[in-house]
Each structure stands twice: as C-alpha cells, then as structure tokens.
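Quick notes on the structure that follows.
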Amino acid sequence: DLYAEIFDEVIKVNTLDSALYETIHQSIIDALDQGEFVHVLGKGNNKTDLYVKLQELKNPEKETNFENCTANVNVPVGEVFTSPELAGTTGTLHVSQVYLNSLKYINLEIIFKDGMIDAFTCTNFESEEENKKFVHENLIHPHKTLPLGEFAIGTNTAAYVMSKKYGIEQVMPILIAEKMGPHFAIGDTCFAWSEDICVYNSDGKEIIARENEKSRLRKTDLSQAYTYKHTDITIPYDELKLIAAITKEGKSIPIIEEGRFVLPGTEYLNVPFNV
C-alpha cells in the first residue's frame with residue numbers, strides 16, 4: 001500500500017543537492033584534517049569506543065585525508081571517507097543490529113588492534129563458538145584477520161529518517177545504507193589497485209590517504225597487499241554519543257554529539273530529524 005509513497009521518498013533521497021552537500025562536507029573535512037585521530041563513541045547499549053588513526057598531512061594547505069563524496073562518485077550523496085593508518089587504530093566497533101550481504105547480525109562486535117581485527121563476535125546464537133564461526137565464515141573467511149580499510153562519516157540523514165519511518169532499513173542497498181551514519185569497511189581500501197593515481201577534491205587538495213600499511217605491500221609482495229573483500233558496517237545515528245577529531249595537542253573537535261551534527265556548517269543535516 002505504501003509502495004508509491006516510499007518510491008517518491010527514495011527518489012528524493014537520490015536527488016539531493018550535491019552542491020549543498022559538497023559545501024557541508026568541506027566543513028567536516030576541514031575539521032577532520034586537524035585531527036591525529038577520530039574518536040567514535042557509542043551510547044546506550046552500543047559499546048563502540050574506537051580511535052581511528054589518520055594519516056599525516058605533510059602539506060595541509062595542499063593535502064587532505066578525506067574524499068568529498070557527492071553524487072558525482074556514487075548515488076546518493078553523501079559521505080566523507082578516508083583510508084585510516086592501521087598502526088594506532090584501536091578499539092571496539094559495535095552495532096546492535098545490521099544487515100550485511102543479506103545476513104542479519106545481532107550485536108556485532110569487532111575489536112581492532114593496530115588496524116587489524118583482533119577479536120569478533122555477535123549474539124545470533126546461544127553458543128559463543130557458533131557466533132564467532134558465523135562472523136568468521138561470512139565476513140572474514142578465507143582470512144584470519146582483516147584490516148580496517150575505510151572510515152567514513154555518512155551525511156544522508158534524509159535516507160536514515162526515511163528508512164526508519166517505513167521500517168525498511170534491512171532492505172536499503174549498501175550505497176544508501178553506508179550514507180546513513182558513520183561506517184567502517186573491513187578489507188581493502190576504496191583505492192585498491194589505483195593507489196598511485198592522484199585524486200583531488202574540488203578545492204584542489206590532493207587526497208593522500210589512498211593506501212595503508214597493508215596495500216603498501218603491493219610494492220614488495222603483491223600477494224599480501226589485497227584481501228579482495230570490502231564490507232561496510234554502519235552505526236546508526238541513534239547509537240552514537242560522539243564522533244570527534246582529536247588533535248595532536250589533545251583538543252577535541254566534535255562532529256556529532258548524541259546522534260546529531262554539531263559542527264558549525266553542518267546544521268542543515270539535522271533538518272530531516274526535525275520534520
């Protein structure tokens with residue numbers, strides 16, 4: 001009965017103003033580029049407490065860590081994403097419920113140590129052995145571990161609100177779902193096999209975070225450089241307490257607090273929550 005209504009809403013989500021989001025994203029990127037780490041903290045029952053290490057910008061006037069991703073890259077807008085430095089990326093990623101490749105995970109929990117998966121579980125089954133087997137077989141196999149290949153902040157709050165309104169989060173295609181909160185990709189970076197091609201944002205800054213310690217192995221042992229996997233895991237806004245850039249001096253620059261965007265210049269992203 002709601003097909004036509006949902007169809008219209010999906011069209012709106014996929015035709016948002018790219019230029020507007022590009023400007024908003026730039027505010028986020030300018031803040032993130034001041035950070036040495038990004039701290040992501042869950043709230044309520046969400047146990048996420050993760051520090052994502054950002055790559056060092058040798059020339060901040062001409063370099064950035066984050067791609068400003070609008071509808072010119074993939075539809076819909078929007079996200080800003082980077083390839084984290086593995087060393088120093090440490091902590092817990094947790095999401096209460098998520099659908100990945102059509103499989104439902106309850107309380108998916110992944111612990112990272114220096115950017116690599118160190119432990120994992122979920123609560124799909126009564127047995128911890130079964131839970132670990134389920135995660136390994138469907139997310140990690142044939143590897144024993146995977147790197148954190150991507151960290152992104154999704155900005156399509158309209159898609160998030162729409163999917164919650166109609167209860168269709170579980171059927172959202174990944175290109176929409178990944179925009180509905182911060183997401184973390186286990187596996188290869190977004191620049192796999194093209195790390196040596198210079199990429200620039202529209203402001204002219206080169207995106208320098210195109211490789212990590214894993215993909216850098218292509219220069220010495222190609223067989224060890226890639227995992228041939230890339231699975232995006234999104235934390236919904238309502239499970240977020242904080243996303244903040246942490247500078248070398250220890251200053252915190254909040255991007256999101258209590259599930260809402262608080263960085264100056266991002267106010268528009270909260271509009272869908274208030275409709």
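Please find, within segment 139-158, the residue that is farthest from the chain's Cα centre (by Cα) out of those that are of a type in the set (A, V, I, L, M) and either at pLDDT 95 or above or buried (at least 24 other Cβ atoms within 10 Å of the Cβ) (or both).
140
Report, ordered by the first and then the second residue, all pairs with beta carbons closer than 6 Å, sequence separation of six or more or different chains, a first member in segment 221-241 that is at negative phi, and a second member that is at pLDDT 95 or above and polar (S, T, N, Q).
225/215; 239/46
Scan segment 107-130 for residues that are hydrophobic (A, V, I, L, M, F, W, C) and either closer than 19 Å to residue 189 by Cα or more than 19 Å from the chain's Cα centre (by Cα) (or both) and jot them down.
If the condition is that a residue be hydrophobic (A, V, I, L, M, F, W, C) and either closer than 19 Å to residue 189 by Cα or more than 19 Å from the chain's Cα centre (by Cα) (or both), then 110, 111, 112, 116, 117, 119, 122, 125 are the ones that fit.
List every residue pair whose Cβ atoms sit under 6 Å apart, with the two residues 6 or more apart in sequence or on different chains, where the first one lies in segment 262-275 and is in a helix (DSSP H, G or I) and the second, anywhere, is hydroxyl-bearing (Ser, Thr, Tyr).
Here the result reads 269/155; 269/157; 272/157, each pair linking segment 262-275 to a residue that is hydroxyl-bearing (Ser, Thr, Tyr).
Can you confirm whether segment 114-123 contains a residue that is surrounded by fewer than 17 Cβ atoms within 10 Å (Cβ to Cβ) and under 25 Å from residue 167 (Cβ atoms)?
Checked against the condition, which is being surrounded by fewer than 17 Cβ atoms within 10 Å (Cβ to Cβ) and under 25 Å from residue 167 (Cβ atoms), segment 114-123 yields at least one hit.
Taking segment 47-82, which residues are part of a loop (DSSP other than H, G, I, E, B), surrounded by fewer than 21 Cβ atoms within 10 Å (Cβ to Cβ) and modelled with pLDDT of 95 or more?
Result: 47, 55, 56, 57, 58, 59, 60, 61, 62.
If you go through segment 83-100, how many residues are over 21 Å from residue 119 (Cβ atoms) and in a loop (DSSP other than H, G, I, E, B)?
1
If you check every pair at least six apart or on different chains, which have Cβ atoms under 9 Å apart with a residue in segment 15-36 that is in a loop (DSSP other than H, G, I, E, B) and among the aromatic types (Phe, Trp, Tyr) first and a residue that is buried (at least 17 other Cβ atoms within 10 Å of the Cβ) and at pLDDT 95 or above second?
So the pair list comes out empty.
Does residue 98 qualify as being over 19 Å from residue 190 (Cα atoms), of a type in the set (A, V, I, L, M, F, W, C) and either crowded, with 16+ Cβ neighbours inside 10 Å or in contact with a Phe, Trp or Tyr (Cβ under 9 Å, 6 or more places away or on another chain) (or both)?
So residue 98 passes the test.
If you check 210, 218, which single one turns out to be of a type in the set (Lys, Arg), in a loop (DSSP other than H, G, I, E, B) and either in contact with a helix residue (DSSP H, G or I) (Cβ under 8 Å, 6 or more places away or on another chain) or buried (at least 17 other Cβ atoms within 10 Å of the Cβ) (or both)?
Step by step, each of 210, 218 is checked, and only 210 is of a type in the set (Lys, Arg), in a loop (DSSP other than H, G, I, E, B) and either in contact with a helix residue (DSSP H, G or I) (Cβ under 8 Å, 6 or more places away or on another chain) or buried (at least 17 other Cβ atoms within 10 Å of the Cβ) (or both).
Which one of 76, 84 is under 19 Å from residue 156 (Cβ atoms), of a type outside the set (Gly, Ala, Ser) and within 16 Å of the chain's Cα centre (by Cα)?
Details: 84 fails: under 19 Å from residue 156 (Cβ atoms).
The match here is 76.
Between 191, 134, 120, 125, which is touching a Lys or Arg at 6+ places or on another chain (Cβ under 7 Å), farther than 27 Å from residue 35 by Cα and either in a strand (DSSP E or B) or not aliphatic (A, V, I, L, M) (or both)? Write out each step before concluding.
Working: 191 fails: farther than 27 Å from residue 35 by Cα; 134 fails: touching a Lys or Arg at 6+ places or on another chain (Cβ under 7 Å); 125 fails: touching a Lys or Arg at 6+ places or on another chain (Cβ under 7 Å).
Only one candidate passes the filter, namely 120.
In segment 174-232, how many are more than 26 Å from residue 118 (Cα to Cα), of a type in the set (Val, Ile, Thr) and over 19 Å from the mean Cα position of the chain (by Cα)?
Residues flagged as more than 26 Å from residue 118 (Cα to Cα), of a type in the set (Val, Ile, Thr) and over 19 Å from the mean Cα position of the chain (by Cα) within segment 174-232 amount to 2.
Among residues belonging to segment 147-179 that are assigned to a loop (DSSP other than H, G, I, E, B) and of a type in the set (S, T, N, Q), point out the one that is nearest to residue 79 (Cα to Cα).
So the residue we want is 155.
Restricted to segment 240-275, and to residues that are more than 22 Å from residue 77 (Cβ to Cβ) and among the charged types (D, E, K, R), which residue is surrounded by the fewest Cβ atoms within 10 Å (Cβ to Cβ)?
Filtering segment 240-275 for residues that are more than 22 Å from residue 77 (Cβ to Cβ) and among the charged types (D, E, K, R), the one surrounded by the fewest Cβ atoms within 10 Å (Cβ to Cβ) comes out as 249.
The values are calculated or read from the model by the stated rules, or taken from the named source; none is laboratory data. Note that the structure is predicted; figures quoted are calculated from it, not measured. When we count neighbours, we look across all protein chains shown, and the Cβ atoms used for this are built from the backbone with ideal geometry, even at glycine.
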